[in-house]
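The structure appears right after this line, and notes come after that.
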């Protein structure tokens with residue numbers, strides 16, 4: 001085997017390894033982003049009497065969502081499933097689906113017992129009333 005044949009053979013192997021690495025990285029990246037990419041967008045608003053959290057989750061049903069409160073952290077989790085009719089083949093897909101979980105630390109003045117949530121037109125609204133006890137502090141007399 002002369003040097004020219006050796007160089008051509010080496011170049012073929014390096015090209016094949018490069019293609020294999022690229023395919024592997026693309027496959028891993030697709031799996032990683034498919035599992036973690038879906039994160040619904042949210043707004044947090046504040047008024048004198050309450051906080052309001054609004055989260056866009058189009059394509060979800062109310063039954064697909066869970067809201068929990070633990071240690072002053074509100075967690076909203078769920079799953080959005082994009083279903084395609086069997087007679088169609090996806091040619092391009094930009095909408096994300098999958099499971100998600102978003103957590104929000106609550107301020108001390110939120111009255112946890114009065115939190116209310118509603119879901120309409122793909123928007124989750126959570127009302128977090130401020131505690132009137134903390135909002136209207138009283139002066140304590142010093143004896």
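Here are the numbers:
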| item | result |
| --- | --- |
| Mean projected area (nm²) of the alpha-carbon convex hull when segment 77-127 is viewed from all directions | 5.4 nm² |
| Quarter of the Cα convex hull surface for segment 40-135, i.e. its orientation-mean projected area (nm²) | 7.1 nm² |
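Coordinate-derived values only; no laboratory data. Predicted model only: the values in this text are computed from it and were never measured.
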